[in-house]
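Inspection log for the structure reproduced underneath, given as structure tokens.
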Amino acid sequence: MEALLESNRFSSCYNAGESGHCPQKLDDLLSGLQTAFSYNLREALLDIPLSDAPNMGTIELRDEVASLHPGASIEHVLITTGTSEAFFLLMRQLRPSKVAVITPAFQLLTEIPRSQGAKVVSLGVIWDELGRPIASIREWVKTIVTERPDVLILNHPHNPTGLTFSAEQLSELTEAAESVQCCVVGDEHYRFLHSNEALGPTVYSEGRFVTGSFIKCSGTPGLRVGWCVGDPSVLREMQSEKNYLTHTVNPLSQKLSYWFLNAFSRQHDYFQRLRNDWLANRTRLESWFQEQSLWQGQPPQGGLVTCIFPNPKHKSVLLKRLNDFGVFLLPLSTFRENHECDERFFTSFRLGLGLSQSQFKQMLSVMVP
């Protein structure tokens, strides 16, 4: 997957294979956030010492992250180099022998536990005849109770389907897990883009863990900031091992992240503009599905990606158009749990909604004859 993304990242006319918002310039970020603060952000940024930051993360940033998770405080937060490091370090501590994962799944969620010798239990998404994803909650609950995994990974909103789960559905899954002494881990990277709320729900509570970030939703993946929220004793062990990996997250990234989260918590309008781009692209995609029948699918209920299915009778024509017009979509065949998925999954794609509104509109127009 990563090799394919890298080879198309800078060469495609329409790069809809990515899973984040189109990149924001540092100037745009600072200008957009400035009105939320009484001091000059540019001057403050230039005054930051280029030294190691605290290993657990700066206190101000950890405090902002804790505020996003009811019941958490600073000691429940470890700042990491993206969510990938957070998840890697967490699995190193939990050492599960059996992991339940909603599939298809971002490879990290299955390959890291498997590399440690864990069995992966698939909670498979299915699709209806119109290409709409369906979460089989009752079947998933039965599987959890029967298989008795050590860890349940709840990727919510879900990548690559764009599914979100109601509070009742999340309760069903977490209660089933805890009934068999299974630790719940929430992967909440897309929590900042949710259909009905400015901030989607978290599964965090005492005894559970969450990994997350805002960087994909805000178009700032280059900040490489993520976090893990959970038991302080486990976080301390994760931090100890982190010293042998990235050691600390650089202070510039942490300061920019603090400014973003602080402005977000006060409902500053900077992030709302990015959310409006996402909402506009979702609306356009929904209309596009209704206007033509060569591609099927559903706009994401949350997050920046969804799955789309080409009409089998016109597949060769559609794939040629993608190639001719420089449209890059990520083949779903790059996800590793294919044997657990719907048959159509093999010839389908993950579509990202992170392009600008004008680019997204143009891309959809060239994808059909």
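The values are calculated or read from the model by the stated rules, or taken from the named source; none is laboratory data. In this text the structure is predicted, and so the values were computed from the model without any measurement. Neighbour counts are summed over all protein chains in view; Cβ atoms, including those assigned to glycine, are modelled from backbone coordinates with ideal geometry. Side chains are part of the model used for accessible areas, which takes the heavy atoms of the whole protein and leaves out ligands, DNA and RNA. Shrake-Rupley method; radii C 1.70, N 1.55, O 1.52, S 1.80 Å.
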Please identify every one of the chymotrypsin sites (Phe, Trp or Tyr not before Pro) in the range 31-115 that sits in a loop by DSSP and has no more than 12 other beta carbons within 10 Å of its own beta carbon.
TYR39
Across the chain, how many lysine pairs separated by 8 or more positions, or lying on different chains, have Cα atoms within less than 30 Å?
19
Ranked by GNM mean-square fluctuation in the chain (Cα springs under 10 Å), the top entry among LYS320, LYS255, LYS216 is LYS320
Provide the three semi-axes, in whole Å and in decreasing order, of the ellipsoid equivalent to the chain as defined by the square roots of 5 times the Cα gyration tensor eigenvalues.
32, 28, 18
The range 160-242, relative contact order in percent, only Cα pairs under 8 angstrom and at least six apart counted:
22 percent
Hey, in the GNM for the chain with a 10 angstrom Cα cutoff, which one of GLY230, GLY222, GLY302 fluctuates hardest?
GLY222
Over the range 127-198, what is the relative contact order in percent, taking alpha-carbon pairs closer than 8 angstrom and at least six residues apart?
37 percent
Please report the accessible area of ARG9 (heavy atoms, 1.4 Å probe, ligands and nucleic acids excluded) in Å², nearest 10.
80 Å²
Suppose we take every Cα in the range 185-325 and form the convex hull; what volume per residue is that in Å³?
171 Å³
Please compute the contact order of the chain in relative form: average sequence separation of alpha-carbon pairs under 8 Å and at least six residues apart, divided by the residue count, as a percent.
26 percent
Rounded to the nearest Å, the spacing of the alpha-carbon centers of the range 159-235 and the range 254-298 is 18 Å
Magnitude of the charge dipole, the range 244-369, Cβ model with Lys/Arg +1 and Asp/Glu -1, debye to 20
260 debye
For THR248, what accessible area in Å² do you get when you roll a 1.4 Å probe over the heavy atoms of the protein chains, rounding to the nearest 10?
20 Å²
State whether the range 1-135 is rounded, prolate or oblate according to the following rule on the C-alpha gyration tensor (a ≥ b ≥ c being the square roots of its eigenvalues): a/c under 1.5 gives rounded; otherwise a/b larger than b/c gives prolate, and the remaining case gives oblate.
oblate
Considering only protein heavy atoms, with the full assembly of protein chains and a 1.4 angstrom probe, order ASP47, ASP277 by accessible area, largest first.
ASP47, ASP277
Ordering VAL151, VAL141 by accessible area with a probe of 1.4 Å, largest first, what comes out?
VAL141, VAL151
Within the chain, the percent of DSSP beta bridges that are antiparallel, given to the nearest 5, stands at 50 percent
